[in-house]
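Written out below as structure tokens is the structure these notes cover.
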Amino acid sequence: MAASLEESEATAEAGRGPTREAGRSADGESGDHGWWPYVLPYATFLVLSEIGARLPDAADPFVLLAKPTGVLALIGWFWRRGAYPELRGENARIGWWEGFQDVLVGLVLTAVWVAPYLWFPGLRPEPGGEFDPAMAGAAWVGTILGLRLFGYAVVTPIFEELFIRSFVMRIADVWNGEGDFRDQPIGRYSARSMIVTTVIFTMGHAPWEWWVCVPWIVLSNLWFYRRKSLPAIMLVHGVTNATLLALAVFGGDLFRNPDGTPFSFWFFV
């Protein structure tokens, strides 16, 4: 899975200078730390989620729209100010063969996420709280599913990978030092970055998901260390989430619970 030495060095060089310069233009003065384009979208999603959880159920469709659009608008604002060089130019291009591999990895990681709950029913969360595509009435099911797909499989992989794999992974390697995380290449392996991203990603999910968060982030990190491409890992993440939603919609008869009832995938999404 390791890339060649030449490819790694070339990628490392490509990930250095432009990252620092774009971070400066996004944050203003050259002395700024460059955190905001990565931290604020993630924090905004968490805040909007907390607000939405305290609103009446009737507001759920509006929250479903507000969370991804608000986060994406903030990312767009930073983008226009020059942030995210790792998503620009050659860094953003994915060849068809590489993209095909990314899709396959995303599908394999979907199985990693689902399998433990099929094999060990006791790991599943308590009933209640599953996503309800009929929250706005039967006539709006298609729209609600489209909004969920947009937020879950498009926007979430963008802001979460910007935070976890571009920010947390790189800042872990310079924490308590004098380096700038923007000078660190994308997707460079270190034991510290593996451990820190695993912990942060896992803690960002509900406790019942921790069983699958750890293998998912470790395996996807290994793929990221090989690919050294943020758009590639966003694609992997998006495929996993889109497949989970597709299983919830279309996979009700694929598996059975021990009592013979159909296994529902809705608690995943």
Notebook entry, point to check: Arranged by the count of other C-beta atoms within 10 angstrom, fewest first, what order do L109, L65 take?
Noted result: L65, L109
Check: Using r as the Cβ-Cβ distance of W140 and I51, and R0 as 35 Å, what FRET efficiency do you calculate, to the nearest 0.05?
Finding: 0.95
Checklist line | 10 Å-binned pair-distance histogram of the stretch 28-142 (Cα, whole percent) | finding: 10, 22, 32, 28, 7, 0
Notebook entry, point to check: Can you sort R81, R165 so the residue with the fewest Cβ neighbours within 10 Å comes first?
Noted result: R81, R165
Notebook entry, point to check: Taking springs between alpha-carbon atoms closer than 10 angstrom, which of H33, H237, H205 fluctuates most in the Gaussian network model of the chain?
Noted result: H205
Note to self: Given the stretch 209-269, report the % of alpha carbon pairs whose separation exceeds 17 Å.
What the structure shows: 53
Check: Counting other C-beta atoms within 10 Å, which of I195, I94, I75 has the fewest, and how do the rest follow?
Finding: I195, I94, I75
Item checked: Cα-Cα pairs of the stretch 151-196 separated by more than 12 Å (percent) -> 60
Item checked: Total charge dipole magnitude, the chain, about the Cα centre, Cβ charges on Lys, Arg, Asp, Glu only, Debye to nearest 20 -> 160
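Taken together, the values in this text are just the output of simple stated rules run on the coordinates, not laboratory data. This structure is a prediction, so every number in the text was calculated from the model and none was measured. Neighbour counts are summed over all protein chains in view; Cβ atoms, including those assigned to glycine, are modelled from backbone coordinates with ideal geometry.
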